[in-house]
Amino acid sequence: MAGILFIISAPSGSGKSTLVSELRKQVSAVDFAISWTTRAPRGSERDGREYHFTTREEFLSMADAGMFLEHAEVFGSFYGTARLSLDDALAVDHDLILDIDVQGAAQVRAKMPEAVSIFVMPPNPKVLRTRLRNRSRAEGVVDEEEVFRRLGQARKEIENYRQYGYILINDVLDRAVAQLEAIVLAERYYRNGEPIAYRSRRVLEVAAACLLANSQERIKPVLEAFGIGGDPGQQGFLFGEDSDDD
Ligand code: ADP
Ligand code: 5GP
């Protein structure tokens, strides 16, 4: 396979966990680094599956002992990637996906510039709000304050999109999954010469279209909707100026 490190970042609720789990059904030998966090489990989350849940004390002593490849504070909780995740994936020659925030991504890029980085955007703030609410609802309770906080953070995170090699817009799920799959297969092909069966040409085209350099037209409406590089008045959605019909 490869030993390629993929970093995937996105505003919370954009769908990156969904994309990664769909990708792993389609493509073999891709491991997912289960992060450590001090936040409480949500809904059906289980320790050791979505995250390793821990206390602030244990997290900080792990950080002091140098056990993290990167770590950061996000929404008031600590999150970190254990170095061991990388060692384990490399030992079996698997690729590894890190689902980490923009601060963690910058730390990993500085240490491992060869990592492939992917930024996932929701199509617009209203869709993001609906997804955050739906996820909360599925978990049993809609915490409006938390939804509002995460929405407010989304714009700041999206502003960092230029630091990533590839851009995905998670609008229609199947299309975004196919694009993510194409990026993984294309990187395996370019880096390791791994063959891509009969679909190769199409896969390479799909991946190339997602390169940052080729994404400006595609992401323009998303940036506009979030009021980035344009009219800040567009952010009225955050403050309840339009109704949510979900
Ligand atoms: P993240 O990991 O980025 O925080 P999740 O993967 O948990 O986001 O997705 C947030 C919510 O949006 C979930 O309820 C998920 O089922 C839903 N979702 C993800 N992608 C799509 C999509 N393309 N279309 C509709 N709903 C989606
Ligand atoms: P959530 O609480 O919604 O699962 O995740 C909140 C944010 O923390 C997301 O942006 C997610 O990518 C990020 N995150 C999850 N694990 C890690 C990690 O190990 N390191 C860093 N830096 N961020 C993480």
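The values are calculated or read from the model by the stated rules, or taken from the named source; none is laboratory data. On a predicted model such as this, the values are computed, not experimentally measured, just so you know. As a convention, Cβ positions derive from the backbone with ideal geometry for all residues, glycine included, and neighbour counts pool all protein chains shown. With ligands, DNA and RNA removed, areas are computed over all heavy atoms of the protein, side chains included. Shrake-Rupley method; radii C 1.70, N 1.55, O 1.52, S 1.80 Å.
Brief remarks on what is shown
- Qualifying residue in the stretch 66-78 (condition: of a type in the set (Phe, Trp, Tyr), more than 21 Å from Pro11 (Cα to Cα) and within 19 Å of the chain's Cα centre (by Cα)): yes
- Qualifying residue in the stretch 22-35 (condition: within 11 Å of ligand 1 (Cβ to nearest atom) and modelled with pLDDT of 95 or more): yes
- Between Arg49, Arg39, the distinction of being in contact (Cβ under 8 Å) with a residue 12 or more places away in the chain, loosely packed, with under 11 Cβ neighbours inside 10 Å and within 16 Å of ligand 1 (Cβ to nearest atom) belongs to Arg49 only.
- Entry remark, the stretch 55-74: residues being among the polar types (S, T, N, Q) and in contact with an Asp or Glu (Cβ under 9 Å, 6 or more places away or on another chain) number 0 in total.
- Residue check, Ala207 surrounded by 13 or more Cβ atoms within 10 Å (Cβ to Cβ), away from ligand 1 (no atom under 16 Å from the Cβ) and in contact (Cβ under 8 Å) with a residue 12 or more places away in the chain: yes
- Wholly within the stretch 137-239, helices (runs of 4 or more DSSP H) carrying at least 2 residues that are at pLDDT below 95 and within 16 Å of the chain's Cα centre (by Cα): 144-158
- Leading residue by the ranking (surrounded by the most Cβ atoms within 10 Å (Cβ to Cβ)) among those in the stretch 148-161 that are under 18 Å from Met121 (Cβ atoms) and away from ligand 2 (no atom under 11 Å from the Cβ): Ile158
- Any hit, the stretch 145-161, residues being within 14 Å of ligand 1 (Cβ to nearest atom), more than 22 Å from Glu45 (Cβ to Cβ), touching a residue at least 40 places away in the same chain (Cβ under 8 Å) and not aromatic (Phe, Trp, Tyr): yes
- Sole residue being more than 7 Å from ligand 2 (Cβ to nearest atom), of a type in the set (Gly, Ala, Ser) and touching a helix residue (DSSP H, G or I) at 6+ places or on another chain (Cβ under 8 Å), chosen from Gly76, Gly13: Gly13
- Residue in the stretch 89-125 that is farthest from ligand 1 (Cβ to nearest atom), counting only those that are charged (D, E, K, R), open to solvent by 60 Å² or more (accessible area, probe 1.4 Å) and more than 22 Å from Val74 (Cα to Cα): Asp93
- Contact annotation: residue pairs with Cβ atoms under 6 Å, 6 or more positions apart or on different chains, pairing a residue in the stretch 52-80 that is at pLDDT below 95 with a partner that is within 16 Å of ligand 1 (Cβ to nearest atom) and of a type in the set (Asp, Glu), are Val74/Asp101.
The rows are residues; the columns are (1) closer than 30 Å to Ala178 by Cβ; (2) open to solvent by 10 Å² or more (accessible area, probe 1.4 Å); (3) touching a helix residue (DSSP H, G or I) at 6+ places or on another chain (Cβ under 9 Å); (4) more than 10 Å from ligand 2 (Cβ to nearest atom).
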{"position": "Ser17", "(1), (2), (3), (4)": "yes, yes, no, no"}
{"position": "Leu23", "(1), (2), (3), (4)": "yes, no, yes, yes"}
{"position": "Ala33", "(1), (2), (3), (4)": "yes, no, yes, no"}
{"position": "Ser44", "(1), (2), (3), (4)": "yes, yes, yes, yes"}
{"position": "Thr55", "(1), (2), (3), (4)": "no, yes, no, yes"}
{"position": "Ser61", "(1), (2), (3), (4)": "no, yes, no, yes"}
{"position": "Asp64", "(1), (2), (3), (4)": "no, yes, no, yes"}
{"position": "His71", "(1), (2), (3), (4)": "no, yes, yes, no"}
{"position": "Asp87", "(1), (2), (3), (4)": "no, yes, no, yes"}
